[in-house]
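One structure is given here, and the rest of the page talks about it.
The values are calculated or read from the model by the stated rules, or taken from the named source; none is laboratory data. Small disclaimer: the values here were computed from a predicted structure and weren't measured. Glycine also receives a Cβ, built like all others from the backbone with ideal geometry; neighbour counts cover every protein chain displayed. Only protein heavy atoms, including side chains, enter the accessible area calculation; ligands, DNA and RNA are left aside. Shrake-Rupley method; radii C 1.70, N 1.55, O 1.52, S 1.80 Å.
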Amino acid sequence: MDANRLDQIHIIKQTIRNSQKAGRESLSHEDWACLSRKAQECVMALDQWQSAREVLLYSAFNKETDTALLRDDALSRGIRVLMPRCKPGEQGCMDLACISCKEDLIPGQYGIPEPDPSTCTSLEFFSPDIAVIPGVAFDHQGNRLGWG
């Protein structure tokens, strides 16, 4: 694919992402909370969620879909909960750690709750049955419209 076509695709993707972000930001707190709850309830109703032994979640930031219900449900059922965090002193790098309770989360480098490095060690090996990943926009097949 030529460079001009790649530039066009990038512009189209950026336009879609900006439109979706604006829509998300325009939600009232009540609407955001209601939609977040519905999305989490849909995930918790999945057979894959019910049978999961290990899940990867994120802490919501800037009106991303909340994951607190998923986290609390998983922890209450003994499911291993993995969460990302920024690696201190390594700009742009993240690792994963396992939390055992919501109190294991502390504000990280950008104020986003992440596993406390003093109580949650980095994981080298993990194999989540489900990974819940934030996304701004998706195509008709459900694929995340990423930055590339």
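Of note:
- In this entry, the chain is assigned a mean projected area of 10.9 nm², taken as a quarter of its C-alpha convex hull surface.
- Percent of beta bridges antiparallel (DSSP, the range 6-148, rounded to nearest 5): 70
- Think of the range 16-128 as having a plus end and a minus end, set by charges on the Cβ of Lys, Arg, Asp and Glu; of L75, A33, L105, A33 sits farthest toward the positive end of this dipole.
- Using the Cβ-Cβ distance between L123 and R77 with R0 set to 35 Å, the FRET efficiency from 1/(1 + (r/R0)^6) comes to roughly 0.95.
- If you take all other residues with their beta carbon under 14 Å from the beta carbon of P113, and give Lys and Arg +1 and Asp and Glu -1, the sum is -4.
- Crossing angle, helix 29-44 versus the chain [Cα axis fit, 0-90 degrees, rounded to tens]: 70
- Ratio of the Cα radius of gyration of the range 1-61 to 2.2 N^0.38 Å, where N counts its residues: 1.65
- In the chain, lysine pairs with alpha-carbon atoms under 24 angstrom apart (chain gap of 8 or more, or interchain): 9
- Dipole in debye (nearest 20) - the chain, about Cα centre, beta carbon charges: Lys, Arg +1; Asp, Glu -1: 280
- For the range 1-143, averaging the sequence separation of C-alpha pairs within contact (under 8 Å, six or more residues apart) and dividing by the residue count gives a relative contact order of 23 percent.
- Among L96, L69, L46, residue whose mean-square fluctuation peaks in a GNM of the chain (springs only between Cα atoms under 10 Å): L46
- For the options E54, E64, E25, a Gaussian network treatment of the chain with springs between C-alpha atoms closer than 10 Å singles out E25 as fluctuating the most.
- Per the Cα gyration tensor, the range 52-97 maps to an equivalent ellipsoid with semi-axes of 22, 14, 6 Å, ordered largest to smallest.
- Amide H contacts under 5 Å for F138, placed H, 5+ residues apart: L145
- Average accessible surface for the range 1-45: 73 Å² per residue, computed with a 1.4 Å probe over protein heavy atoms with every protein chain in place.
- Computed from the Cβ-Cβ distance with R0 of 30 Å, the FRET efficiency linking C98 to F138 stands at 0.60.
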